[in-house]
Amino acid sequence: MTSDLEQAPFTEPAEAAPRWPAWFAPAAFVSAIIAVFIVAAVLQVIFAATGNDFPTSGAGIALGGTLVQDGLLVGAALVFAARIAPPRPWQFGLRATPLRQAVNAALTAYAAFWLFSVLYQVILHPHGKQTVAKDLGADKGGLLLVLAAILVIVVAPVCEEFFFRGFFYRALRSRFSVIAAAVIAGLVFGAVHYTGSQTLSVLPVLAVLGFVFCMLYERTGSILPGIALHAVNNSISYAVTVHSDPGVAVGLGVAMVAGCIAAPNVFPALREHAVR
């Protein structure tokens, strides 16, 4: 994001749009998931060769597994994008955008999401909940609380926005309309957060959140506002879940917003094809 106060609607010039075919989106997603299983299988072989059993549960496994999954999603996006042209940050929406426009769009998007969330709660009374923080060991405090917070509030927003909005959604846009592409991307984003039957009733809310992030990207032309809003949302959820020590979550959330605002001034590559 940048301090430019222009508020003209974002219109992406034709030469700035990545020409990724729509099939790249599901192909990259499936490839990343397969790669996760391959990594797990290789680790199991290594453990077996040393006479040990590969651990399948625990905070360390959850932390490592989530980090590997996020990294492989980003890697898959880069590999498929490179089939068309050498990947550049702007192709994935990593570029500067007017600050006031980004803030207004983000506030509108988040208000729409919360309106849906409240109505969903009031009408359907879902009892499901996410257990990410607990699975990552955040409830144990200490180092695990900090590491889990970094993963949830820093790593996940960057990697998920890069893949699901910067690549997956953009690839779908080469064939589908804005709404259709955003709905598909939102549904996949919600589904990937499934961790068990207790999360089923939460998935529609996450799917709508994914849809909202796509619309925010479409409005601003950058995934930086989405990364910031994603981090804020995760920091709120994390602080509520780990209510015994919300300071880490709040601090990381504020730092992520500040980082997204400052990023174009720190990394010149993010000013390439900046939104005007």
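The values are calculated or read from the model by the stated rules, or taken from the named source; none is laboratory data. Computed from a prediction, not measured in an experiment: that's the story for all the values here. Counting neighbours? That spans all protein chains shown, and the Cβs are built from the backbone with ideal geometry, glycine included.
Rundown of residues vs (1) out of contact with any Ser or Thr (no Cβ under 6 Å at 6 or more places or on another chain); (2) closer than 30 Å to residue 146 by Cβ, yes/no style:
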| site | (1), (2) |
| --- | --- |
| 25 | yes, no |
| 33 | yes, yes |
| 47 | yes, yes |
| 55 | yes, yes |
| 70 | yes, yes |
| 75 | yes, yes |
| 82 | yes, no |
| 93 | no, yes |
| 108 | yes, no |
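Listed by position, the helices (runs of 4 or more DSSP H) inside the range 59-155 whose residues that are touching a residue at least 12 places away in the same chain (Cβ under 8 Å), out of contact with any Asp or Glu (no Cβ under 9 Å at 6 or more places or on another chain) and surrounded by 19 or more Cβ atoms within 10 Å (Cβ to Cβ) number at least 3 are 59-81, 99-124.
Tell me whether the range 27-48 contains one or more residues that are without any contact (Cβ under 8 Å) to a residue 40 or more places away in the chain, not acidic (Asp, Glu) and not in a helix (DSSP H, G or I). First the steps, then the outcome.
Let us first name the residues in the range 27-48 that are without any contact (Cβ under 8 Å) to a residue 40 or more places away in the chain, namely 30, 33-34, 36-48.
Among the residues that remain, those that are also not acidic (Asp, Glu) are: 30, 33-34, 36-48.
When the remaining residues are screened for being not in a helix (DSSP H, G or I), the result is none.
Scanning the range 27-48, I find no residue that is without any contact (Cβ under 8 Å) to a residue 40 or more places away in the chain, not acidic (Asp, Glu) and not in a helix (DSSP H, G or I), so the answer is no.
Specify the residue that is modelled with the lowest pLDDT; the eligible residues are those in the range 32-58 that are among the small types (Gly, Ala, Ser) and loosely packed, with under 13 Cβ neighbours inside 10 Å.
The first filter runs over the range 32-58 and keeps only residues among the small types (Gly, Ala, Ser), leaving 32, 35, 40-41, 48-49, 51, 57-58.
In the following step, the residues that additionally are loosely packed, with under 13 Cβ neighbours inside 10 Å were identified as 41, 48-49, 51, 57-58.
Working: 41: 92, 48: 87, 49: 89, 51: 82, 57: 72, 58: 76.
The qualifying residue modelled with the lowest pLDDT is 57.
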